[in-house]
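Let me give you the structure first, and then I'll get to my questions.
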Amino acid sequence: MKANRAALEEVYGTFAEAPDVPGDTAPAHTRRAMRAAGLTDAEIDAGLDRWCESFSARYVELLAGADTSNWTAARGAREVLGGLEHRALLTGNPEAVARARMKRLGLDTFFPDGEGAFGCEQEDLVKLFALARERAGGWPAERTVEVGDTPLDVSSSQAAGCLCVAVTTGRYGKEELSAADAVISDLTQLDSALAVLR
């Protein structure tokens, strides 16, 4: 929050709170906040790239000095990622933020540079799927499975023509994620869910 507020004030000269939409891209969050502050879409568009750069730099700097000893990767994450032949990091976070977080969790080696798709590359979450698939050599949409934990993860993957396995380790339960192609309670069940989807 500290990095975001500072970046908004630096780029737009103002700060405002906006409704949180879990799973959405960072630029989409910023647009909602700046609309709440009274800015036009044209004014917001003019500063989005600068905001992404400023926020990313500030976040990574703050993270470098932060105590994240209580951060832990999701149960089974390393084993599951290590067993997947094809994987990519698709997130609404800016790339520098996402990669810094993965490094702190010890998962960065699973996601090489030049792959995946990140929030500051496309404001529309659905469009990130095509970008990630393109970087994976044109991987087909119908063979793409997103693993997510929000209703927006589910709806965006389906809007992109992809499948979704929802995990109930976040704030949402099975009923709220029931539109997914499969719902699991943790990542140790992912292999079984993928086998069914195949």
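Residues to consider are G138, G83; find the one that is among the small types (G, A, S), without any contact (Cβ under 8 Å) to a residue 12 or more places away in the chain and either surrounded by fewer than 20 Cβ atoms within 10 Å (Cβ to Cβ) or within 20 Å of L63 (Cα to Cα) (or both).
So the residue among G138, G83 that is among the small types (G, A, S), without any contact (Cβ under 8 Å) to a residue 12 or more places away in the chain and either surrounded by fewer than 20 Cβ atoms within 10 Å (Cβ to Cβ) or within 20 Å of L63 (Cα to Cα) (or both) is G138.
Looking at A117, A132, A98, can you tell me which residue is closer than 26 Å to R50 by Cα, buried (at least 20 other Cβ atoms within 10 Å of the Cβ), more than 11 Å from the chain's Cα centre (by Cα) and of a type in the set (A, V, I, L, M, F, W, C)?
Of the residues listed, the single one that is closer than 26 Å to R50 by Cα, buried (at least 20 other Cβ atoms within 10 Å of the Cβ), more than 11 Å from the chain's Cα centre (by Cα) and of a type in the set (A, V, I, L, M, F, W, C) is A132.
Let me ask another. Do we find a residue being free of Cβ contacts under 8 Å to residues at least 60 places away in the same chain, aromatic (F, W, Y) and part of a helix (DSSP H, G or I) anywhere in segment 5-17?
From segment 5-17, those free of Cβ contacts under 8 Å to residues at least 60 places away in the same chain are 5-17; that's our starting set.
In the following step, the residues that additionally are aromatic (F, W, Y) were identified as 12, 15.
So of that shortlist, the ones also part of a helix (DSSP H, G or I) come out as 12.
Among the residues of segment 5-17, at least one is free of Cβ contacts under 8 Å to residues at least 60 places away in the same chain, aromatic (F, W, Y) and part of a helix (DSSP H, G or I), which makes the answer yes.
Additional query: Determine the pairs where a residue that is closer than 16 Å to Q122 by Cβ, located within segment 34-58, has a partner that is of a type in the set (K, R) with Cβ atoms under 7 Å apart, the partner being 6 or more residues away or on another chain.
Pairs that qualify, where the first residue is closer than 16 Å to Q122 by Cβ and the partner is of a type in the set (K, R), are I44/R31.
What tally of residues in segment 57-112 results from selecting those that are within 22 Å of G137 (Cα to Cα), part of a loop (DSSP other than H, G, I, E, B) and of a type in the set (D, E)?
Going through segment 57-112 one residue at a time, the tally reaches 1.
Hey, another quick one. Looking at the structure I just gave you, is A6 modelled with pLDDT under 95 and either surrounded by 13 or more Cβ atoms within 10 Å (Cβ to Cβ) or over 27 Å from G173 (Cα atoms) (or both)?
no
Which of the residues that make up segment 18-28 are touching a residue at least 40 places away in the same chain (Cβ under 8 Å) and not aliphatic (A, V, I, L, M)?
Matches in segment 18-28: P22, G23, D24, T25, P27.
Give me the residue from segment 31-47 that is open to solvent by less than 20 Å² (accessible area, probe 1.4 Å) and touching a helix residue (DSSP H, G or I) at 6+ places or on another chain (Cβ under 6 Å) and, out of that set, farthest from E176 (Cα to Cα).
Looking at residues that are open to solvent by less than 20 Å² (accessible area, probe 1.4 Å) and touching a helix residue (DSSP H, G or I) at 6+ places or on another chain (Cβ under 6 Å), I get G47.
Let me ask something additional. Within 24 Å of R198 (Cα to Cα) and either buried (at least 16 other Cβ atoms within 10 Å of the Cβ) or in contact with a Gly (Cβ under 6 Å, 6 or more places away or on another chain) (or both), is that true of Q158?
Considered against the rule, which asks whether it is within 24 Å of R198 (Cα to Cα) and either buried (at least 16 other Cβ atoms within 10 Å of the Cβ) or in contact with a Gly (Cβ under 6 Å, 6 or more places away or on another chain) (or both), Q158 comes out as yes.
The values are calculated or read from the model by the stated rules, or taken from the named source; none is laboratory data. It should be emphasised that the depicted structure is a prediction, and the values quoted were computed from it without experimental measurement. No Cβ is skipped: glycine too gets one built from the backbone with ideal geometry, and neighbour counts run over all protein chains shown. Protein only, heavy atoms only, side chains kept; ligands, DNA and RNA dropped before computing areas. Shrake-Rupley method; radii C 1.70, N 1.55, O 1.52, S 1.80 Å.
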